[in-house]
Structure formats: C-alpha cells, structure tokens
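The values are calculated or read from the model by the stated rules, or taken from the named source; none is laboratory data. The structure displayed is predicted, hence computed values, not measured ones. A quick note on method: Cβ atoms are made from the backbone with ideal geometry, for glycine too, and the neighbour counts reach across all protein chains shown.
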C-alpha cells in the first residue's frame, strides 16, 4: 500500500494506492458519540494523474468544467489535452503536487535544461526535424525516446512540448527572426511532410506554439549575428554567428503577457 498526504485549500486528504487501484480518502473529524446528523463530504476539484499501474504521478487543480477525477496520464493526454506549464495556453490547469518518490521516477525521461540546450544547438540540416528523423527530439534516443512525459528539474512536461524547442532553435539560427521562427512552426505544424504539402497550419492557442516561441526567444539571446556586405554577387553578405552565454533555465520560464502580445501570431 502506498499513501500520499495532500492538502488542498487547507483541507487534508489521503491518496491511497493498493492492488492496482488509487482512491482518495477524506480525513474526518471526531464528533460526539450521540451525533447522529449526516455530515456532507465535499470532494476537491482535482485531477489525480497516475501511471497505468495506478501509481500517482502528479495532481492538477480542476477548472470550472472539471470535477474530481482519477485518470492515467495517457487518458489526460488523449482525452482532455490539458497542460500545466503555460498559463496563457489553452487547456491550462494548475500543478499542485508532483510525486517525487522512486516509484514514479521511471515514468519519465529525466533531463536538465542544460541537456535540452546541448541537444538543440547541434547544427543539423533542417530536414532532420521531420517526424522521427534525427532532429525529432521526442523520438531521438538521446531525447524523449518516445516517452509520453519528460521530467525537467522537478517539473513534468509532455515530451512533445519539449520537442518543439530544438526545432525552434535551429529555425531561428537559419532565419534570425523570432516572428519568422514562430510562423515557420505554425506552417510545419506536426513536422510531417503532408502538413506542409497540404498547407495545414496550426493556429491553435495550444502549448506547441508556445514552446516554439520559448525556443525562439532563447535562441535570440543565445546567438547574435554580425552581417557585413562582401561586395560580391554571391555571397552578398558575410554572416558571423556569436554563441553567447545564456542560462539554460531561461527555457523553463513561461511566456509572459508582453511576449504573447508581441509574438503570438497564431492568434492574429
């Protein structure tokens, strides 16, 4: 039996996992022996997210349309499409608890933000970012390796969200523009060739576009350029790239309202 003590809005609860099932216990209060009145019990509006074996991974606070629920991470991803790491993006739900026990650790591929930067700054052909090719971080064995969830410095993320960052960094280095990088991310959508051929664009306010923007903003600080005319027809200019020192944890910062208003071209 595994037990997790959890406090939500000042009320104590007990999450119990046993025999492949997870249940929520409400901690009661003692009452006089002769008290025969019914006492209502209110379930907290939370989503308890588990592994397939019922081990608890994390807990989200529900929104207005939610009610208490226990579900697997795969069900959350497939059915509700909620996320807890970009407050301005659709489907946001507040993260209120992360299970840090050994039982939960191998549910994730574990990284630091420095690991993400190291993968992202490798110079690759743009075509390598197609689905399941070498630059596709979510499938690369050195990246997400097909895991649904990645853990980065204590916070879980959908792996496909993190996978947008290397693509965005590479695109920024080629185009040298945050807006152009975001627009390219919208155009390429899933990274599958048919999306480009059919003109399928992702103009949703979902986390994918936010993480392209995260990567582009990081790259704009990481790399600077000196562009000088050569006096020749080809190449017409000489471009020198400078790799600046930037704290990798910048990638862990959510998109601000000002950044959203300036760069969220998917909403315009």
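Within region 221-245, restricting attention to residues that are surrounded by fewer than 17 Cβ atoms within 10 Å (Cβ to Cβ) and in contact (Cβ under 8 Å) with a residue 40 or more places away in the chain, which residue is nearest to residue 180 (Cα to Cα)?
At the first step, the residues of region 221-245 found to be surrounded by fewer than 17 Cβ atoms within 10 Å (Cβ to Cβ) are 221, 224-245.
Filter once more, so that each one left must be in contact (Cβ under 8 Å) with a residue 40 or more places away in the chain: 225, 241, 243.
Details: 225: 16, 241: 18, 243: 20 Å.
So, considering only residues that are surrounded by fewer than 17 Cβ atoms within 10 Å (Cβ to Cβ) and in contact (Cβ under 8 Å) with a residue 40 or more places away in the chain, the one nearest to residue 180 (Cα to Cα) is 225.
For region 180-197, the set of residues classified as in a helix (DSSP H, G or I), at pLDDT 55 or above and farther than 11 Å from residue 266 by Cβ consists of 180, 181, 184, 188, listed by residue number. Please go through region 153-173 and give me each residue that is in a helix (DSSP H, G or I) and either more than 8 Å from the chain's Cα centre (by Cα) or on the phi > 0 side of the Ramachandran plot (or both), ordered by number. If the condition is that a residue be in a helix (DSSP H, G or I) and either more than 8 Å from the chain's Cα centre (by Cα) or on the phi > 0 side of the Ramachandran plot (or both), then 164, 165, 166, 167, 168, 169, 170, 171, 172, 173 are the ones that fit. Considering 224, 245, the condition of being assigned by TED's automatic domain parsing to the domain that holds residue 183, closer than 27 Å to residue 161 by Cα and either touching a strand residue (DSSP E or B) at 6+ places or on another chain (Cβ under 6 Å) or part of a strand (DSSP E or B) (or both) is satisfied by 224 alone. Within region 113-129, being touching a helix residue (DSSP H, G or I) at 6+ places or on another chain (Cβ under 8 Å), surrounded by 15 or more Cβ atoms within 10 Å (Cβ to Cβ) and farther than 12 Å from residue 170 by Cβ holds for 113, 116, 117. Checking 64, 38 one by one, the residue that is under 25 Å from the mean Cα position of the chain (by Cα) and either surrounded by fewer than 12 Cβ atoms within 10 Å (Cβ to Cβ) or modelled with pLDDT of 95 or more (or both) is 64 and no other.
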